[in-house]
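Undergrad: The structure that follows is given in the form of structure tokens.
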Amino acid sequence: MIKMKDVYKKYTNGVVAANGLNVQIAPGEFVYVVGPSGAGKSTFIKMMYREEKPTSGEIYIDGTNLATLKNREVPFVRRKLGVVFQDFKLLPKLTVYENVAFAMEVIEAPSDTIRDRVTEVLDLVGLKAKARMLPTELSGGEQQRVSIARSIVNRPKVVIADEPTGNLDPETSWDIMNVFRDINEQLGTTIVMATHNKNIVNRIRHRVIAIEGGLIVRDEAEGVYGYEI
Ligand SMILES: Nc1ncnc2c1ncn2[C@@H]1O[C@H](COP(=O)(O)OP(=O)(O)OP(=O)(O)O)[C@@H](O)[C@H]1O
């Protein structure tokens with residue numbers, strides 16, 4: 001369902017961050033993307049939700065080639081994707097509920113569907129009781145739960161996460177990984193997660209795609225982290 005074919009990315013400053021990526025990710029998979037700093041993980045991830053466009057090659061999400069997609073068509077593909085960031089990116093003046101509802105309002109979902117779905121996803125991430133709070137009133141882990149709830153509220157087939165535990169302490173990171181596990185197992189959502197978290201990758205085993213110098217150097221089912229940081 002996700003397919004990259006000969007993907008090459010050269011930034012305007014001449015840096016080649018993807019040097020011929022070929023990969024396929026099936027529906028329902030849970031995949032870690034690992035590699036040393038500057039390896040090209042974020043570029044890989046960003047190309048997957050069309051934050052960056054490849055210089056050449058093809059990237060298919062559910063049959064749509066992101067490489068040739070017109071800018072005005074991007075929002076339609078984004079609906080198939082949820083994105084979770086290291087720094088949460090919540091709207092500070094909106095409550096937990098409103099932050100999640102906003103993702104449905106922009107696609108003009110009916111208000112009763114919004115109400116039902118927001119309640120449902122806040123329950124799934126364990127934040128029902130904090131729906132009326134502002135992001136500043138929450139811990140880092142709770143803020144990440146809100147951002148995960150936001151990423152799944154439109155029922156995307158794929159959730160892409162770039163260092164989702166990067167700002168969290170170890171214990172909170174495990175809690176957040178359990179939330180991703182529930183989404184993957186209960187909803188069947190494909191998860192693609194770039195991470196530096198060696199403990200997590202080695203203890204919660206999933207497929208590991210290792211990137212170095214813009215190339216996939218290793219791709220293993222139930223793989224390990226595999227390099228020192
Ligand atoms: N917008 C950009 N313009 C120019 N060069 C960039 C840009 N974004 C990334 N790069 C370069 O591309 C290479 C890969 O960067 P990328 O952010 O994809 O790596 P990464 O593996 O995610 O690193 P980290 O783990 O440090 O986040 C690096 O050399 C980086 O400096």
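Undergrad: Lysines near LYS46 by alpha-carbon distance under 23 Å, same-chain residues fewer than 8 away left out - which ones?
TA: Within reach: LYS3, LYS5, LYS9, LYS10, LYS70, LYS80, LYS89, LYS157, LYS198.
Undergrad: Select from MET1, VAL224, LEU124 the residue farthest towards the positive end of the dipole of the chain; place +1 on Cβ of Lys and Arg, -1 on Cβ of Asp and Glu, and compute about the Cα centre.
TA: Result: MET1, furthest along the dipole toward the positive end.
Undergrad: What does the charge dipole of segment 1-80 about its Cα centre add up to, to the nearest 20 debye, if the Cβ of each Lys and Arg holds +1 and the Cβ of each Asp and Glu holds -1?
TA: It works out to roughly 260 debye.
Undergrad: Charges only on Cβ, +1 for Lys and Arg, -1 for Asp and Glu: so what's the dipole of segment 89-155 about the Cα centre, in debye to the nearest 20?
TA: Numbers: 10 positive and 9 negative charges, 39 e Å.
The calculation lands at about 180 debye.
Undergrad: With an 8 Å cut-off on Cα pairs and a minimum separation of 6 or more residues, tell me the relative contact order of segment 89-155 in percent. Before the final figure, lay out the partial values.
TA: Values: 70 pairs, mean separation 33.4, N = 67.
This gives 50 percent for segment 89-155.
Undergrad: Could you pull the Cα extents of segment 89-155 along its three principal axes, largest to smallest, in whole Å?
TA: Sorted from largest, the Cα extents of segment 89-155 read 30, 22, 17 Å.
Undergrad: Amide H of ALA161 versus every other amide H placed in the peptide plane: which residues, excluding those fewer than 5 positions away on the same chain, fall under 5 Å?
TA: The answer is VAL84, VAL192, MET193, ALA194.
Undergrad: Hey, if you put +1 on the Cβ of every Lys and Arg and -1 on every Asp and Glu Cβ in the chain, which of TYR11, VAL158, ILE114 ends up farthest toward the positive end of that dipole?
TA: TYR11
Undergrad: Per-residue ellipticity at 222 nm for the chain, helices alone: DSSP H runs ≥ 4 residues times -39500 (n - 2.57), over residue total, nearest 500 deg cm²/dmol?
TA: Rounded to the nearest 500, it is -9000 deg cm²/dmol.
Undergrad: Still on this structure, please answer the following. What is the angle, in °, between the Cα long axis of helix 140-152 and the longest principal axis of the Cα atoms in the chain? Nearest 10 is fine, range 0 to 90.
TA: Computed tilt is about 80 degrees.
Undergrad: Could you pull out the trypsin sites (Lys or Arg not before Pro) across segment 37-108 that fall in loop regions by DSSP (anything but H, G, I, E, B) with no more than 11 other Cβ atoms inside 10 Å? Show your work: numbers first, answer last.
TA: Working: sites: LYS41, LYS46, ARG50, LYS70, ARG72, ARG78, ARG79, LYS80, LYS89, LYS93; in loops: ARG50, LYS70, ARG79, LYS80, LYS89, LYS93.
Filter output for segment 37-108: LYS70, LYS93.
Undergrad: Using 5 Å bins from zero, what percent of all Cα-Cα pairs in segment 150-229 falls into each bin?
TA: Bin by bin from 0 Å, the calculated values are 3, 13, 24, 27, 19, 11, 3, 0.
Undergrad: Using θ = phi - 60° and the Karplus relation 6.51 cos²θ - 1.76 cosθ + 1.60, list the HN-Hα couplings for segment 108-115 in order, rounded to whole Hz, with x at every Gly or Pro.
TA: 6, 6, x, 5, 6, 5, 4, 4
Undergrad: Let me ask something else about it. Using Cα-Cα distances under 8 Å and only pairs 6 or more residues apart, what relative contact order does the chain have, in percent?
TA: Details: 428 pairs, mean separation 64.2, N = 229.
Result for the chain is 28 percent.
Undergrad: Name the residues whose placed amide hydrogens come within less than 5 Å of the amide hydrogen of GLU212, ignoring near sequence neighbours (fewer than 5 apart) on the same chain.
TA: VAL217
Undergrad: Quick one: which residues, 5+ away or cross-chain, put their amide H under 5 Å from the amide H of THR55? H built at 1.01 Å from N.
TA: So THR55 has HN proximity to TYR8, LYS9, LYS10.
Undergrad: So if the hydrodynamic radius of the chain is defined as the Kirkwood radius over C-alpha pairs, what does Stokes-Einstein give as its diffusion coefficient at 37 °C and 0.692 mPa s, in µm² per second?
TA: D = 183 µm²/s.
Undergrad: Could you derive backbone 3J(HN,Hα) for segment 202-214 from the dihedral phi with the Karplus parameters 6.51, -1.76 and 1.60 (θ = phi - 60°), listing whole Hz in sequence and x where the residue is Gly or Pro?
TA: Each residue of segment 202-214 in turn: 7, 9, 9, 6, 9, 4, 10, 9, 9, 10, 8, x, x Hz.
Undergrad: Related question: Suppose every Lys and Arg Cβ carries +1 and every Asp and Glu Cβ carries -1, with no other charges. What dipole size does the chain come out with about its Cα centre, to the nearest 20 debye?
TA: So the dipole magnitude of the chain works out to roughly 560 debye.
Quick note: the coordinates plus some simple rules give every number you see, no bench work behind them. Predicted model, so just to flag it, every value in this text is computed and none were measured. All Cβ positions, even for glycine, are placed from backbone atoms using ideal geometry, and neighbour counts span all protein chains on display.
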